[in-house]
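Structure, as structure tokens:
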Amino acid sequence: MPATALTCRVCETQYPLDPIGVCTRCFGPLDPVYDRDEQRRTVTRESIAAGPPSLWRYAPLLPVEPPAEQRLPAGWTPLVRAPRLAEALGLGELWLKLDTANPTHSFKDRVVAVATAKAVEFGRTTIACSSTGNLANAVAARAAAEGLDAVVLCPADLEPEKLIATAIYGARIFAVDGNYDDCSRLTIELSFELDWAFVNVDLRSYYAEGSKTLGFEIAEQLGWTFPDAVVAPIASGAMFSKVHQGFSELRELGLVDGAQPRLIGAQAEGCSPVALAFAEGTKVAPVRPSTIARSLAIGNPADGELAVATAVASGGSIVAVDEDEIVENIALLAETTGVFGETAPGVTLGALREGPTTGSSCSSRATA
């Protein structure tokens, strides 16, 4: 495993590869540090292609050893052309990254697979999270596959269908009288009291790295080339920024040449703190979510500032999509591609429709 330490994104203090949520000096987020020289010596296009048809083909680029027995494989999802949607939008070429092919039909299976592998390394027997639905399903299913206990904290008014999808795996579900941000604060408090592995708290440094595999796969599936632009939804901001990081790492390792894609972020207007900060050139300020895009309804996004920085660095943008357009976009996606997505890809398609993205790869969390 080429990861050597964790380092604070703000003050650069280094820590061992332990279950540490934030920097104890400045409370900044922690990111894994890798031995790039070792990666350059050992990681090639050929070595990756020889790996399994899952995200573990990129194990040398992740901060955890791959499981000896890879149960419920996640990742290596289809990247498909969408010619009819491209024509409807006036684009030359458009691709969809269909993470609906993951075990619980969202990209959360990627991040949970990585975090759980680390939890097992640490000897944890319970994995837990706060969630608006997709993460809850991924945690519950992963726990069932690995023989672990699962605990989920979610808003009490979450859609019943999402609760049923989580409960069927045997997870314990605690309904919190509040929104996602209230659930998140509670999990942070509990992480100091319990020996559960909170995948999006004390294991967040490892969990977030799983999103890089979206970028790795897009490049590999395009014949080791970059698209012109990638459009992705923003909730916490972690996935958006980690996709960009994945592209950067491939370029740094000499696996892909050329300019990196522009990153275009999408938020629903009823919960758009990152889009507002990007538009006004200000810090990300918390908001109270009021949107039908419940899976993106994080009013105080942990990686919001990094998402803004990612959009700026890549020459991209972050768009707030009108609430009334989201359902229309879901219908357009279905009618032109055969993909019936939830509200998050409806938001993503809204951002794609607002900006020029000729030759884009549209990375969305579609649910069939």
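The values are calculated or read from the model by the stated rules, or taken from the named source; none is laboratory data. For clarity, every value in this text was computed on a predicted model and none was experimentally measured. Every residue, glycine among them, receives a Cβ derived from its backbone with ideal geometry; neighbour counts consider all protein chains shown. What goes into the accessible areas is simple: the full protein's heavy atoms, side chains included, and nothing from ligands, DNA or RNA. Shrake-Rupley method; radii C 1.70, N 1.55, O 1.52, S 1.80 Å.
A few remarks follow.
- Straight-line reach from Lys162: taking Cα to Cα under 13 Å and skipping same-chain neighbours fewer than 8 places apart, the aspartates and glutamates in range are Glu342.
- The Cα atoms of the stretch 227-368 cover 42, 37, 23 Å along the three principal axes, with the biggest extent listed first.
- Helix-only arithmetic for the chain: the sum of -39500 (n - 2.57) across DSSP H runs with n ≥ 4, divided by the residue total, places the mean residue ellipticity at 222 nm at -11500 deg cm²/dmol.
- Sequence-separation-based contact order of the stretch 141-252, relative, with Cα cut under 8 Å and 6+ spacing, percent: 19 percent
- Prolate/oblate/rounded call for the stretch 101-195, Cα gyration tensor, a/c under 1.5 rounded: oblate
- Protein-only accessible surface at a 1.4 angstrom probe places the residues Leu194, Leu276, Leu349, Leu89 in the order Leu276, Leu194, Leu89, Leu349, largest first.
- Sequence of Arg45, Arg142 when ordered by accessible area, the most exposed leading, probe 1.4 angstrom: Arg45, Arg142
- Set of aspartates and glutamates near Lys283 by C-alpha distance (under 12 Å), chain-local residues within fewer than 8 positions excluded: Asp303, Glu305
- The chain - accessible surface per residue (Å², probe 1.4 Å): 40 Å²
- Shown for the chain: the carbon plus sulfur share of the solvent-accessible area, taken with all protein chains present and a 1.4 angstrom probe, equals 53%.
- Global size of the stretch 1-42 as Cα Rg and Dmax, reported in angstrom: 11.2, 35
- Overall dimensions of the chain, expressed as equivalent-ellipsoid semi-axes from the Cα gyration tensor (√(5λ), whole Å, largest first), are 27, 25, 20.
- Scoring 248-256, 159-167 by mean Cβ neighbours within 10 Å over their residues and listing the highest first yields 248-256, 159-167.
- Relative contact order [Cα under 8 Å, 6+ residues apart], the stretch 232-334, whole percent: 36 percent
- Surface listing: Phe247, Phe174 arranged by accessible area from highest to lowest gives Phe174, Phe247, probe 1.4 Å.
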